[in-house]
1. Inspect the stretch 15-24 for any residue being of a type in the set (D, E, K, R), free of Cβ contacts under 8 Å to residues at least 60 places away in the same chain, part of a helix (DSSP H, G or I) and surrounded by fewer than 11 Cβ atoms within 10 Å (Cβ to Cβ) and give the result as yes or no.
2. Do you know which residues across the stretch 21-60 are closer than 27 Å to GLY2 by Cβ and in contact with a Leu (Cβ under 8 Å, 6 or more places away or on another chain)?
Amino acid sequence: MGIEKTKLIRQLEDLLDEYDPDYYFSDDYRVWSKNQEINNEISAVVKLLGKQGQKIYRHALERRGIKFN
């Protein structure tokens, strides 16, 4: 695994630690806005990492109790 890919994985893990997947229920625009920005960054990194990024993303959300079909 290359250095760049390792950095992207670490970046994704950091973003996921910061991310609240229920942000869209927030009444506070600052919370919504911050998490929307994080969500956009997560999407970009997952796209760069491909299947590995999708796996990391799904695993992180599953740990929080979000289930996928």
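FYI, it's all coordinate maths here, none of it is from the lab. Everything numeric here is computed off the predicted structure, so don't read it as measured data. Note that we place each Cβ from the backbone using ideal geometry, even for glycine, and neighbour counts take in every protein chain shown.
1. Of the residues in the stretch 15-24, the ones of a type in the set (D, E, K, R) are 17-18, 20, 22.
Within this subset, residues satisfying the condition of being free of Cβ contacts under 8 Å to residues at least 60 places away in the same chain are 17-18, 20, 22.
This time we only want the ones that are part of a helix (DSSP H, G or I), so: 17-18.
Still in the list and also surrounded by fewer than 11 Cβ atoms within 10 Å (Cβ to Cβ): 17.
Checking the stretch 15-24: at least one residue is of a type in the set (D, E, K, R), free of Cβ contacts under 8 Å to residues at least 60 places away in the same chain, part of a helix (DSSP H, G or I) and surrounded by fewer than 11 Cβ atoms within 10 Å (Cβ to Cβ).
2. ILE38, GLU41, ILE42, VAL45, VAL46, LEU48, LEU49, GLY53, ILE56, TYR57, ALA60, listed by residue number.
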